[in-house]
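First comes the structure, then the notes that go with it.
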Amino acid sequence: MTTAAPGPAPRLARTLAAPAPGWTTRVDAIVVGSGIAGLTAALELRTRVPRVLLVTKGELSSGSTVWAQGGIAAALDPEDSPEAHLADTLAAGGGLSDPDAVKVLVTEGPERVHELVARGAVFDKTGNGAIALTREGGHRADRIAHAGGDATGAEISRALVAQIDAVRDDPGIEVVENALVLDILTGAPDAQGRRAARGVTLHVRGTGSRDGVGAVLAPAVILATGGIGQIYRSSTNPAGATGDGIAAALRAGAVLADLEFVQFHPTVLWLGSGAKGQLPLISEAVRGEGAWLLDVDGRRFMPAVHEMAELAPRDVVAHAIVRQMTATGADNVLLDARHLGADFLRARFPTITERLLANGIDWTEEPVPVAPAQHYHSGGVVTDLLGRSSVDGLYAVGEVACTGVHGANRLASNSLLEGLVFAYRAARDVAVRYAAGELRDAADPVERPGGSALVAATARSRVQKVMSGGSGVIRSATSLEAADERLAAVRADAHRRSDVVAEPQAAEWETTNVHQVSRALTRAAWERTETRGGHYRVDFPTTESEWARRVLVSLDDDGTLRVR
């Protein structure tokens with residue numbers, strides 16, 4: 001079902017405005033990103049193709065994985081099963097998860113977790129030495145493995161970075177830190193008009209011959225660039241989550257899907273109405289251990305909303321919190337964990353305890369003010385079960401990808417597992433295709449039609465305000481149309497204007513990505529005239545069977561945004 005658009009179809013540039021590459025090099029495969037997906041892909045590829053380049057936007061340990069508190073979900077308990085994990089994932093996905101993708105996730109997941117342990121990741125253990133398992137929202141069994149109580153992502157990142165550090169002198173792998181990938185290079189169109197990936201352009205900050213803008217040519221590019229949190233005013237995502245991979249893939253001709261399904265974490269520390277940027281989240285595992293949600297009058301409200309009360313899927317909890325805030329006229333609700341005991345809270349959640357104390361809150365003695373904030377993006381670059389996108393040679397894994405696992409709403413702690421499982425699959429597919437001669441001696445890239453764009457860095461806060469108000473937790477035709485109109489008014493030609501203070505540099509390139517992703521997401525959200533999972537329309541509050549389908553987004557050669 002397609003409805004009339006709120007205005008003319010947006011036209012987005014097909015490249016970022018940037019200097020011509022000052023240097024060029026060739027490798028056999030490029031991995032972009034250093035979270036669990038990117039590090040896993042690079043480690044798997046290292047011994048299977050001659051030369052791998054791992055590019056990361058910051059330091060090697062700065063990927064989003066570091067911030068994951070809750071854990072990684074897998075059916076590791078003998079009394080649990082992949083089938084039960086599959087059922088819970090499909091239930092959370094709101095009817096849009098791909099059962100085949102979920103089956104891959106839950107059946108291959110336990111083996112990948114054991115391999116992670118073999119690579120040095122140390123999970124919390126029970127008294128008999130088994131991996132300790134707990135429960136989070138939407139799971140009907142204890143299947144969440146965690147490390148350091150609430151520092152699972154940090155431990156996984158530590159172990160994988162150590163593996164990369166151990167092979168840095170290997171001539172088969174090169175790590176380039178502090179490098180922002182600008183665009184995916186593509187070749188000439190084939191008879192069907194399709195272009196294949198031919199490498200990337202990137203900007204490297206630092207010293208040495210790789211300074212500035214350069215080009216790395218390769219027949220295989222694996223995107224593992226993480227999420228889009230910085231398109232909103234407040235998010236649990238790190239500052240680098242500016243949607244770079246999604247925007248670059250869109251400009252390269254890849255098909256995107258499920259952009260409208262944005263997961264707002266229900267329990268992010270509320271630091272006042274002026275708070276913005278990366279905010280501390282209070283892990284779902286806290287509710288998994290028995291914490292309660294109260295409104296500002298001290299009433300527990302979730303048991304009346306869902307049979308699983310505080311352990312309902314995240315979208316249910318987030319929407320219930322917003323409704324309760326509206327009913328009480330408050331800016332937040334309260335998370336009460338006092339009944340769990342001070343000793344338990346300090347031992348089980350040391351990181352959260354420390355962060356709360358740093359903000360003047362002792363949760364062993366008082367409830368914690370919380371409110372929903374952007375946390376995870378279920379949509380992204382459409383891939384098959386091997387991580388392949390619609391652009392030959394371009395792969396996507398982790399949060400940047402839309403594998404079909406999450407559907408309309410991610411089940412808690414499935415994200416780390418998805419990154420692990422599908423990064424392994426994508427890397428192995430690249431290796432198989434390389435061995436078969438499919439990914440060798442690729443033709444040089446050619447310039448794409450469609451023009452270039454640059455948005456002034458000063459416009460970012462404006463875009464974030466528009467997205468939070470119009471395409472945030474609760475949406476309507478009115479809010480989305482207003483957001484679309486305001487986003488259209490943001491100038492994307494700063495590089496051609498003498499009256500705008502902007503230069504082709506990291507802040508502007510990131511802001512351009514933020515703007516393009518915001519435009520695409522807002523159009524997708526307007527298109528879906530129903531409420532499902534992470535997409536909540538007050539003007540269409542019910543889930544409609546005819547909308548059990550994906551909204552696809554792509555660019556024509558001239559940059560026209562197609563939403564269907």
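List, please: which pairs have Cβ atoms under 8 Å, are six or more places apart or on different chains, and start with a residue in region 438-449 that is at pLDDT 80 or above and end with one that is of a type in the set (Asp, Glu)?
439/28; 448/557; 449/557; 449/558
Can you find a residue in region 219-240 that is within 13 Å of residue 55 (Cβ to Cβ), in a loop (DSSP other than H, G, I, E, B) and at pLDDT 95 or above?
The answer is yes; a qualifying residue exists.
For region 125-168, enumerate the residues that are under 24 Å from residue 90 (Cα atoms), among the hydrophobic types (A, V, I, L, M, F, W, C) and in contact with a helix residue (DSSP H, G or I) (Cβ under 8 Å, 6 or more places away or on another chain).
141, 144, 145
Would you say residue 88 is touching a residue at least 40 places away in the same chain (Cβ under 8 Å), crowded, with 18+ Cβ neighbours inside 10 Å and farther than 30 Å from residue 519 by Cα?
In short, yes.
Out of the residues in region 335-350 that are at pLDDT below 95 and surrounded by 17 or more Cβ atoms within 10 Å (Cβ to Cβ), state the one that is nearest to residue 280 (Cα to Cα).
The extreme case among them is 349.
Residues in region 277-289: is at least one at pLDDT 90 or above, farther than 30 Å from residue 527 by Cα, surrounded by fewer than 22 Cβ atoms within 10 Å (Cβ to Cβ) and over 22 Å from the mean Cα position of the chain (by Cα)?
Within region 277-289, one or more residues are at pLDDT 90 or above, farther than 30 Å from residue 527 by Cα, surrounded by fewer than 22 Cβ atoms within 10 Å (Cβ to Cβ) and over 22 Å from the mean Cα position of the chain (by Cα).
With region 257-370 as the region, which helices (runs of 4 or more DSSP H) entirely inside it contain at least 2 residues that are closer than 19 Å to residue 137 by Cα? Give the steps one after another, and end with the answer.
Numbers: elements: 284-288, 314-328, 342-348, 350-358.
Of the helices (runs of 4 or more DSSP H) lying wholly inside region 257-370, those with at least 2 residues that are closer than 19 Å to residue 137 by Cα span 284-288, 314-328, 342-348.
Within region 543-561, restricting attention to residues that are over 22 Å from the mean Cα position of the chain (by Cα) and either within 21 Å of residue 481 (Cβ to Cβ) or of a type in the set (Phe, Trp, Tyr) (or both), which residue is surrounded by the most Cβ atoms within 10 Å (Cβ to Cβ)? Break it down into steps so the answer makes sense when it comes.
Pass one, region 543-561, residues over 22 Å from the mean Cα position of the chain (by Cα): 543-548, 556-560.
Checking the rest, the ones that are also either within 21 Å of residue 481 (Cβ to Cβ) or of a type in the set (Phe, Trp, Tyr) (or both) come to 544, 547, 560.
Numbers: 544: 13, 547: 22, 560: 14.
Looking at the filtered set, the residue picked out is 547.
Take region 237-263 and flag every residue that is farther than 19 Å from residue 550 by Cβ, in contact with a strand residue (DSSP E or B) (Cβ under 7 Å, 6 or more places away or on another chain) and surrounded by fewer than 24 Cβ atoms within 10 Å (Cβ to Cβ).
Answer for region 237-263, where residues must be farther than 19 Å from residue 550 by Cβ, in contact with a strand residue (DSSP E or B) (Cβ under 7 Å, 6 or more places away or on another chain) and surrounded by fewer than 24 Cβ atoms within 10 Å (Cβ to Cβ): 238, 239.
Identify the single condition in (1) under 17 Å from residue 30 (Cβ atoms); (2) at pLDDT 95 or above; (3) not β-branched (Val, Ile, Thr) that residue 459 does not satisfy, given that it satisfies every other one.
Unmet for residue 459, out of (1) under 17 Å from residue 30 (Cβ atoms); (2) at pLDDT 95 or above; (3) not β-branched (Val, Ile, Thr): (1).
The values are calculated or read from the model by the stated rules, or taken from the named source; none is laboratory data. Keep in mind the model is a prediction, meaning the values are calculated, not measured. Reconstructed Cβ throughout: ideal geometry from the backbone, glycine too, with neighbour counts over all protein chains shown.
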